[in-house]
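Below is one structure, written out as structure tokens, with a few remarks after it.
Laboratory data are not the source of any read-out in this text; all were calculated from the coordinates shown. All values reported here derive from a predicted model rather than from experimental measurement. Glycine gets a Cβ as well: all are built from the backbone with ideal geometry, and neighbour counts include every protein chain shown.
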Amino acid sequence: MKLSIKLFATIRLDTGLKIIDVNIDKPVNVLDMLKIVSEAINFDLVKKLIRNGALIPGVIILLDGVNVLHLQKLETIIDKDTTISIFPAVAGG
């Protein structure tokens, strides 16, 4: 399966990457996907996006445009080619 991961805001600034494609050979949940991508880009997405086993408030992860908070959160299974958009929590105004 091909995962196309789009990175936004401070993650994009920290990594210098806008998009990364990762191929996986079996279904994974969102948490495992974040670990796989972290390894691929040498940047700890888990530390940036998760606290106490849950997404930090304000973090948005979309699977083909659907927020994982409206699915099974970090346990949502990714089992097909998917476009994933990752937005870290940001502040400003």
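Side notes on the structure shown:
- Cα-projected label distance for Leu17 with Asn42, points at 7 Å along beta-carbon direction, nm: 1.1
- Long-range HN-HN contacts of Arg51 with modeled amide H, under 5 Å: Ile56
- P(r) weight above 21 Å for the stretch 2-87, C-alpha pairs, percent: 18
- Cα point-scatterer Debye curve for the stretch 1-51, base-10 log of I(q)/I(0) at q = 0.28, 0.32 Å⁻¹: -1.23, -1.44
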